[in-house]
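Colleague: The following block contains the structure, expressed as structure tokens.
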Amino acid sequence: MGKIEDYGYTDFNIIREGFSEYSIEDMTIIRVRAILLKVIKNGTDVRLNEKTFAASFSPSEMKGQPTPTIPLSDVAKRIKKPNLNYETIKEEWNEYELSTGEKLSVRAILVSASLTDMHDENGDPIYGVQMQVIHKITTTPAKLGQDGGVI
């Protein structure tokens, strides 16, 4: 698949990527996602490098003035409603084809959401979120040729 394998990494192609989506008790929608960046696979040992992202989509009555950027370590001090209730709208797997022929599935799941007193550059409220990322690797079946034999 690519030259990165010469450097000891496992290459991969994106099959599909999507968001998990949740409806928060205050009517905000939160989308979360994990993006795969690197894979190192050595036998049964698998190491992944991924990043998680979250975005909020709020009703107009919750919008406010954008808050100046503060250090991430200060966000916890700005929480005004901790541990909000939420319902799952959808949870999607991101799927990747590894150069080993296996399929890697990655899913970000919302664990908790807390409303802060801050707003992003669009005026949407900022939430402190905790996510968990789960993974599964499956072996893809061998492709069959026209005569039924394995290619």
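What follows is calculated from the coordinates using simple rules that are stated; it is not laboratory data. These numbers were taken from a predicted model, which means no experiment stands behind them. Every residue, glycine among them, receives a Cβ derived from its backbone with ideal geometry; neighbour counts consider all protein chains shown.
Colleague: At 7 Å along Cα-to-Cβ for each site, give me the label-to-label distance between R78 and S112 in nm.
Modeller: 1.9
Colleague: Next question, about the same structure. Enumerate the calculated ³J(HN,Hα) couplings along region 86-97 in order (Karplus 6.51 cos²θ - 1.76 cosθ + 1.60, θ = phi - 60°), each rounded to whole Hz, writing x wherever the residue is Gly or Pro.
Modeller: 8, 10, 7, 8, 7, 10, 10, 8, 8, 10, 9, 9
Colleague: Which entry in (1) 2, 10, 17, 17, 16, 13, 10, 7, 4, 2, 1, 1, 0, 0; (2) 2, 8, 15, 20, 19, 13, 8, 5, 3, 3, 2, 1, 1, 0, 0; (3) 2, 8, 15, 16, 14, 12, 10, 9, 7, 4, 2, 1, 1, 0 matches P(r) over Cα pairs in 5 Å bins from 0, in percent derived from the coordinates of this structure?
Modeller: Of the labelled values, this structure produces (3).
Colleague: How large is ³J(HN,Hα) for each residue in region 67-76, as worked out from phi by the Karplus curve 6.51 cos²θ - 1.76 cosθ + 1.60 (θ = phi - 60°), to whole Hz, x for Gly and Pro?
Modeller: 8, x, 4, 10, x, 3, 5, 8, 4, 4
Colleague: Something else now. Counting only pairs 8 or more residues apart or on different chains, how many lysine pairs in region 20-151 have their Cα atoms under 19 Å apart?
Modeller: Pairs that pass both the separation and distance tests number 13.
Colleague: Can you tell which of F53, S73, N42 lies farthest toward the positive end of the dipole of region 34-95, using +1 and -1 charges on the Cβ of basic and acidic side chains (Lys, Arg; Asp, Glu)?
Modeller: S73
Colleague: Taking R0 as 25 Å, what's the FRET efficiency between I4 and T139 from their Cβ-Cβ distance, rounded to 0.05?
Modeller: 0.70
Colleague: Report the FRET efficiency, 1/(1 + (r/R0)^6), for N122 and I70, where r is their Cβ-Cβ distance and R0 is 22 Å, rounded to 0.05.
Modeller: 0.80
Colleague: Place the peptides 130-137, 22-29 in order of packing, highest mean first, counting for every residue the other Cβ atoms within 10 Å and averaging per peptide.
Modeller: Most protected by this proxy first, the peptides run 22-29, 130-137.
Colleague: Which whole-Hz couplings ³J(HN,Hα) result when phi for each residue of region 103-120 is put into the Karplus expression 6.51 cos²θ - 1.76 cosθ + 1.60, θ = phi - 60°, listed in order with x for Gly and Pro?
Modeller: Calculated HN-Hα couplings, in order: 10, 9, 10, 10, 9, 8, 10, 6, 9, 7, 9, 10, 7, 9, 8, 10, 9, 7 Hz.
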